[in-house]
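Below is one structure, written out as structure tokens, with a few remarks after it.
The values are calculated or read from the model by the stated rules, or taken from the named source; none is laboratory data. Here the structure is a predicted model, which means the values were calculated and not measured. Cβ coordinates were reconstructed from backbone atoms using ideal geometry, including for glycine residues, and neighbour counts include every protein chain displayed.
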Amino acid sequence: MRKVKSLMNARPPGSANAPFFNAPAIVVYLTLAIVVAHAVRLLLPQQPEDWLFYQFALIPARLSLMVDGGGNTAAYGPLSLLWASVGHVFLHVDWMHVIMNTVMLLAVGAGVTRRFGAARFLTIFFASAIGGAALFFLVRAPESAPAIGASGGVSGIMAGAFLIMSDPRATWPVLLSKSFLQTSAAFLIINIIMAFAGPAMFGSGIAWDAHIGGYVVGAVLTASIAARQ
């Protein structure tokens, strides 16, 4: 996810020879939805495009107005906040931003979907996106730049894939396993580096907090789902 402007294929037992991009249909459909949403946005006139951004980007100033109260029409309402917490997934800065998120989604989404099924894959993805949005709003000052992109959801799926790679059962004890903790530490360090290097590398800030929020929600939800199976 980038502020505006903002690994594998986890293989369950029996699929060790699955091609890297031999993704299940639901992963492909979600990827296509992200790509098509960006293409449509580029074709829109300026006014509808601005409306989409206003409705679905994560805008700290709008949350601040909601918290302050006073009935300001620019403030989020409960429903518009929910829409933004989910809808920002389908807005991206440019094609490079789209490519980075969709390639990673294809790479890590296959293993999670094969392990848990399409419905649970979508649950982890969108819950992680909401979790990423929540941490972004919690950390950012009202004057901070808005954020868009699917990276929070992708980070959650990545956490699920890492859990499966650490142990195909992916239940609660795996969260404290050495391999998962090491991978998670690497994920955290990379995001800290990107927080400082992002503007120089991509011309925009990186919503590292949304990545971390999505990752944590994805890990906890994956372990919870696995424990119930």
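The number of residues in the stretch 121-171 being surrounded by fewer than 19 Cβ atoms within 10 Å (Cβ to Cβ), assigned to a helix (DSSP H, G or I) and not aliphatic (A, V, I, L, M) comes to 2. List pairs: first in the stretch 167-181 and at positive phi, second small (Gly, Ala, Ser) and surrounded by 14 or more Cβ atoms within 10 Å (Cβ to Cβ), Cβ under 8 Å, 6+ apart or cross-chain? Listed pairs, sorted by first residue: ALA170/GLY160; ALA170/ALA223; ALA170/ALA226.
Exactly one residue out of VAL108, VAL174 is surrounded by 22 or more Cβ atoms within 10 Å (Cβ to Cβ) and either more than 17 Å from the chain's Cα centre (by Cα) or more than 24 Å from ASN22 (Cα to Cα) (or both), and it is VAL174.
Output yes when any residue across the stretch 165-174 is among the polar types (S, T, N, Q) and under 23 Å from PHE53 (Cβ atoms), and no when none is. For the stretch 165-174, residues among the polar types (S, T, N, Q) and under 23 Å from PHE53 (Cβ atoms): absent.
In the stretch 190-229, of all residues being in a loop (DSSP other than H, G, I, E, B) and surrounded by 18 or more Cβ atoms within 10 Å (Cβ to Cβ), the one that is modelled with the lowest pLDDT corresponds to SER204.
Confirm whether THR102 is surrounded by 17 or more Cβ atoms within 10 Å (Cβ to Cβ) and β-branched (Val, Ile, Thr). Yes; evaluated as a whole, the condition is true for this residue.
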